[in-house]
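Structure, as structure tokens:
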Amino acid sequence: MALQCGIVGLPNVGKSTLFNALSSAKAEAANFPFCTIEPNVGVVTVPDQRLQILEDLVKPNKLVPTVIEFVDIAGLVKGASKGEGLGNKFLANIREVDAIIHVIRCFQDDNIVHVAGGVDPVFDKEVIDTELQLKDLESVEKKIIRIEKIAKSGDAKAKKELEILQLFKQGLESGKNARAIEVEKEDLEVVRDLHLLTIKPVLYVANVEEGSILTGNKFVEQLREKVKEENAEVIVLCAAIESQIAEFEDQEEKAMFLSEYGLDESGLNKLIQAAYKLLNLITYFTAGVQEVRAWTIKKGWKAPQAAGVIHSDFERGFIKAEVIKLNDYQTFKTESACRENGKISIEGKEYVVQDGDIMHFRFNV
Ligand SMILES: Nc1nc2c(ncn2[C@@H]2O[C@H](COP(=O)(O)OP(=O)(O)O)[C@@H](O)[C@H]2O)c(=O)[nH]1
Ligand SMILES: [Mg+2]
């Protein structure tokens, strides 16, 4: 179940540069898959050191990481919600993704035209937010018209729904993103079918010039100040440099290049991991000699549902799960040594799978 993150932003902010860097990032091992499914959709391996740890311990024939997908969504412009600049098509693309990576230009380069004149991250963010909000407003208003008719006939449920829809309408009209509108969790059901654009989780990428990767710059400060109340993550990177970093196949050379910029990790790695977290995903592992593999689930999933990611039979016929914690595996080296030392716990249907668990499912169908 590869979830998708859409790369969104004004034209000329570095979205495609970032997407291309993600697409060409040489995986850490040859058998890590990467492919571009469509010109603007890329499957990206989620970097995870724990896989290497398990590989060293288990020495499997195959190592399979987990992946997420990135979609390069063409630049939105002011007026997109009214169809400006192929706006409707791009907004439809955003509707399909699970989370939004909003790239914001924080680099000064006179050779590269800024659509609105000067570099102004706060203004840029607002342009995009407004277009998405207008589109959401349209969706909410359409549903209001529909529900109003039912509410008029005295339907209590419709009346309640109408109230909630009005809250969203007011919020959007006042310039709020849907994700910031405070309603009860169960009330969100009322707008679920609308697939609102501004309800999707978001993180910001501040695309800076190479001299500011470590320190940030005044534009980054402005952006941080602006998004403070959103609790959203801001990742500072230089897309141009990331595309160079992504080209290295030799890990030592790559590390040297990174260290020249004072980095211990590429911005892309940070971004991929942040995106994974943004999607509310965690990883569990299966570790056998045939294959050591990372599996993606949503945080909070119980063991049977988590097992279902491997095969629906595992969920249907779930009996129990044997769970080893990674640090126990590291301490005792093998599964049998973990067993002898009482480090395998037997868990039932109610067990909530934790990030990093090494799972073995017992099932019967
Ligand atoms: N100086 C500088 N230029 C960049 C950077 N990222 C992208 N660009 C340039 O900005 C222009 C637009 O980039 P592109 O990725 O196509 O932007 P998009 O329209 O958002 O997809 C290109 O000429 C890029 O080379 C960066 O980090 N620094
Ligand atoms: Mg582009």
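Couple of notes before you dig in:
- Cα centroid separation - segment 270-327 against segment 197-229, whole Å: 32 Å
- Per residue accessible area of segment 300-363, 1.4 Å probe, in Å²: 54 Å²
- Point-to-point label distance, Glu221-Arg192, nm (Cα→Cβ direction, 7 Å offset): 4.5 nm
- Cα-based Lys pair tally, segment 300-363, threshold under 15 Å, eight or more apart or on separate chains: 6
- Of the solvent-accessible surface of segment 130-198, computed with a 1.4 Å probe over protein heavy atoms with every protein chain present, carbon and sulfur atoms account for 52 percent.
- Among Ser243, Ser23, Ser336, the residue with the largest mean-square fluctuation in a Gaussian network model of the chain, with springs joining Cα atoms closer than 10 Å, is Ser336.
- Those residues of segment 191-235 whose amide nitrogen sits under 16 Å from the label point placed on Lys157, 7 Å along Cα→Cβ: 191-193
- Computed helical MRE - 222 nm, the chain, DSSP H runs ≥ 4 contributing -39500 (n - 2.57), nearest 500: -12000 deg cm²/dmol
- Loop-resident sites, segment 177-265, for GluC sites (Glu not before Pro), counting at most 14 other Cβ within 10 Å (DSSP): Glu182, Glu184, Glu247, Glu249, Glu265
- Applying 1/(1 + (r/R0)^6) with r as the Cβ-Cβ distance of Asp355 and Lys82 and R0 = 51 angstrom yields a FRET efficiency of 0.75.
- Between Ile346 and Asn364, the distance separating the two model label sites (each 7 Å from Cα on the Cα→Cβ line) works out to 1.3 nm.
The values are calculated or read from the model by the stated rules, or taken from the named source; none is laboratory data. Worth saying up front: this structure is predicted, and the values here are computed from it rather than measured. As a convention, Cβ positions derive from the backbone with ideal geometry for all residues, glycine included, and neighbour counts pool all protein chains shown. Side chains included, ligands, DNA and RNA excluded: accessible areas come from the protein's heavy atoms. Shrake-Rupley method; radii C 1.70, N 1.55, O 1.52, S 1.80 Å.
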